[in-house]
Amino acid sequence: MPTRQSPAVRIFCLCGQKMRLTETMYGRRARCIACQLKIRLPRFEEIPRGATDIFLRDHPEFIREQPPETDTAAEEQDARKRRRTSISVPIDPSETLRILCSLAKKISREMKAADGRPKAELEEHKARLKELHTEFNDELHQRLMEASIELTAAQEKLGELALEARVGELDYRVYRERVSRIRWRRECLERRQLNLRAWRAVRDADLAGGYLDLPLSRMDGLSLRVPLIEEATEPPVLLRWMVDQLRAAFESRKQAETSLDMAARLRDQKDLAEKESKRAAKEQKAARARATAAIRFWQDRLEKFRRDIQCDQRVIEAQLELARGRRQLGELGRDQFDAIESDLRQASADLEKAMQTIDRAVSAPSDRDLPALRGTFVERLGKPRPARTRPVTVFAILGLVFMAAIVAGVVFGVLYGLIPTPSFRSGTPGPGPARVVANASGETPPPAEQQPAIAIPLAPDAEAPREEVSPAGAEAAPPEDAPGIPADQTVPGSEDALPETPGDVVPASGEVSGEPSAMTATPATEAPPAASTNSVEVELRGVVTTVDRAPRFFLRIHTPDGKMQERTRELGGSVADGWIIREYNPSQQNITLFNGEDLLVVRRGEKTPLPPPESGEPG
């Protein structure tokens with residue numbers, strides 16, 4: 001058994017392929033996964049102390065069978081070609097990955113330079129950067145799992161909708177409207193999935209978005225959240241949007257190739273330094289690689305969209321067969337059947353034109369050869385409009401005309417005195433509600449000095465309103481038998497909100513009978529103690545939102561004894577210590593917990609301690 005900690009060792013084959021060596025592989029026989037070279041893995045004691053990389057060209061004793069000399073160059077070239085084609089390239093850059101790769105490249109350069117920072121300090125920065133990269137990969141893995149689950153749910157929903165449309169449970173217009181929205185969401189998820197997988201594999205700063213000359217202190221406080229790039233709103237025509245994305249990728253590749261040619265000309269003319277020209281050429285090659293990956297991606301998605309159109313054509317054929325059957329049974333009249341058949345035939349012709357457009361787009365070698373989606377059939381490929389809106393429009397117009405006539409009649413009556421309106425002299429107040437109640441009820445009116453200058457007499461047969469309003473300025477005294485309120489204390493709250501009966505006293509907001517109000521000026525009570533480090537901590541790891549289903553939350557519970565639990569909950573689900581999930585904010589990526597009294601916000605990726613439950617006070 002090894003007596004010291006086993007290092008993480010990588011073996012580099014003659015073809016350049018890297019292979020990681022674990023503890024269980026020491027001294028075993030193996031083959032290179034690229035060129036199939038037979039090798040012997042070193043034993044633990046054969047690895048130099050502190051060594052992390054072993055090159056077979058420097059250690060021929062680890063090669064069990066020497067490859068033929070005549071085929072070495074060809075095999076090495078083939079292996080490099082296979083590695084280049086197997087590297088995943090993202091179609092969108094990641095700022096976080098760009099910073100991590102740039103810092104790793106800077107550390108590698110300074111370690112090779114003799115007059116740089118101390119090697120011990122650089123080793124510490126390298127270890128810290130490795131931890132950040134591992135944490136970032138965990139976040140990417142979580143997001144990739146969420147995207148895969150949501151993508152599977154979208155595919156299942158599309159299959160269910162197609163089946164419902166074929167058996168006649170859904171009209172074709174309703175079917176097209178629903179599948180268009182789900183298909184657009186599916187394309188966004190496919191793009192996200194490709195980027196997440198590529199970001200996990202990329203270690204080159206240029207492929208991640210371009211090298212940045214940053215200080216090593218930039219890794220402190222670096223946010224490892226993964227911002228996801230997708231369209232904010234659903235496009236009206238999905239096919240046009242996909243062709244536009246393909247056109248943008250062609251233009252990006254053309255621009256990168258133009259920049260490469262310009263850098264080569266400047267290098268030949270000695271107008272640009274060799275170091276700068278290599279740096280510019282490498283950045284443009286990475287941009288061209290991303291554009292090429294985007295072209296392949298959107299061409300593949302257009303091929304998938306072709307299969308979607310074929311599925312829609314099968315739905316149309318099934319709908320026509322159902323309509324013919326209903327026509328034979330007498331459920332549809334001739335005019336209704338002709339209208340349905342005409343609409344479905346038109347939709348089938350539009351789909352046929354869409355397939356021809358896809359064929360041209362997939363086989364186009366440049367943006368100039370891409371089809372321009374114009375014409376009325378492109379608009380019909382979008383969301384279907386309501387079939388018949390003319391009767392609704394006519395009734396809406398008639399309703400507006402009728403309302404305008406009523407308003408004009410009211411205005412005419414007011415202007416010419418046909419509709420009486422109360423009027424008062426300027427400077428004299430009108431009769432208040434208290435005065436009307438007094439006159440109608442026959443009670444004794446207040447003294448003359450308290451009466452206003454003008455009062456409106458009531459007709460003998462008129463019925464006055466029965467609302468009771470206390471006179472302005474009168475201060476309500478609490479009833480003597482009101483529970484929980486002292487005799488020398490006024491009831492807090494608005495002065496004009498009085499209880500209807502002496503025994504029914506409504507406490508003000510924030511008060512409970514027999515207990516002091518939280519809003520009154522009472523001595524401040526001691527605040528509850530802050531959550532200690534021994535409390536339970538909740539961490540939101542991820543959220544999965546699927547079509548027609550409530551979101552699901554991946555939670556990580558950290559207990560005081562150091563243990564960790566993984567839980568999956570929905571809205572209303574219990575978390576721990578009586579706390580449940582009450583709300584979810586998709587824009588801020590946080591949830592709100594509720595325990596019956598308090599609210600607690602838990603943000604994604606942050607550990608939030610749960611306040612301990614308050615112990616009951618002795619009565």
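If you plug the beta carbon distance of E606 and H141 into 1/(1 + (r/R0)^6) with R0 = 25 Å, you get a FRET efficiency near 0.85.
Remark: for residue pairs K18/K563; K18/K126; K38/K119; K38/K282; K130/K254; K285/K353, the C-alpha separation exceeds 28 Å in K18/K563; K38/K119; K38/K282; K130/K254; K285/K353.
Amide H contacts of V575: I580, I581, each under 5 Å away and 5 or more positions distant or on a separate chain (H built 1.01 Å from N in the peptide plane; Pro and chain starts excluded). A simple rule links phi to the HN-Hα coupling: the Karplus curve 6.51 cos²θ - 1.76 cosθ + 1.60 with θ = phi - 60°, which for the stretch 48-58 gives x, 4, x, 6, 10, 10, 10, 9, 5, 5, 8 Hz, with x for Gly and Pro. The packing ranking of peptides 127-136, 175-184, highest mean first, is 175-184, 127-136, where packing means the average number of other beta carbon atoms within 10 angstrom of each residue. Label-to-label distance for R265 and I182 is 5.3 nm, based on points extended 7 Å past Cα in the beta-carbon direction. The solvent-accessible area of C15, taken with every protein chain present and a 1.4 Å probe, is close to 10 Å².
When the solvent-accessible area of the stretch 242-371 is split by element, carbon and sulfur atoms take up 44 percent of it, the probe being 1.4 Å. Shown for the stretch 245-324 is the translational diffusion coefficient from the Stokes-Einstein equation, using the Kirkwood radius over Cα pairs, a temperature of 37 °C and a viscosity of 0.692 mPa s: 210 µm²/s. Segment F55..L222, full-extension length gain: 56.7 nm, with 0.36 nm per residue of separation and the alpha-carbon distance subtracted.
Approximating the spin labels as points 7 Å out from Cα along Cα→Cβ, the D577-to-R556 distance works out to 1.9 nm. For I47, the amide hydrogen comes within under 5 Å of no other amide hydrogen, counting only partners 5 or more places away or on other chains and with H modelled in the peptide plane. Applying 0.36 nm per residue to the separation of S148 and R307 and subtracting their alpha-carbon distance, the gain on full extension is 55.2 nm.
Report the FRET efficiency, 1/(1 + (r/R0)^6), for R31 and K112, where r is their Cβ-Cβ distance and R0 is 45 Å, rounded to 0.05.
The value I calculate is 0.90.
Please compute the per residue accessible area over the stretch 88-153 with all protein chains in place, 1.4 Å probe, rounded to a whole number of Å². Counting only protein heavy atoms, the per-residue value for the stretch 88-153 is 50 Å².
Accessible surface comparison of M111, M242, M564, M19, probe 1.4 Å, protein chains only, largest first: the order is M564, M111, M19, M242. Straightening the chain between I397 and E123 buys 90.9 nm, computed as 0.36 nm per residue apart minus the Cα-Cα spacing. Between K38 and R368, the FRET efficiency estimated from the beta carbon spacing at R0 = 45 angstrom works out to 0.30.
Value of Rg to Rh for the stretch 148-211, rounded to two decimals, is 1.25; Kirkwood radius and Rg both from alpha-carbon coordinates.
The values are calculated or read from the model by the stated rules, or taken from the named source; none is laboratory data. Note that the coordinates shown come from a computational prediction; the quantities given were computed from them, not determined experimentally. For neighbour counting, all protein chains shown are included, and Cβ atoms are generated from backbone atoms with ideal geometry for every residue, glycine included. Note: accessible area is taken over every heavy atom of the protein model, side chains too, but ligands, DNA and RNA are not part of it. Shrake-Rupley method; radii C 1.70, N 1.55, O 1.52, S 1.80 Å.
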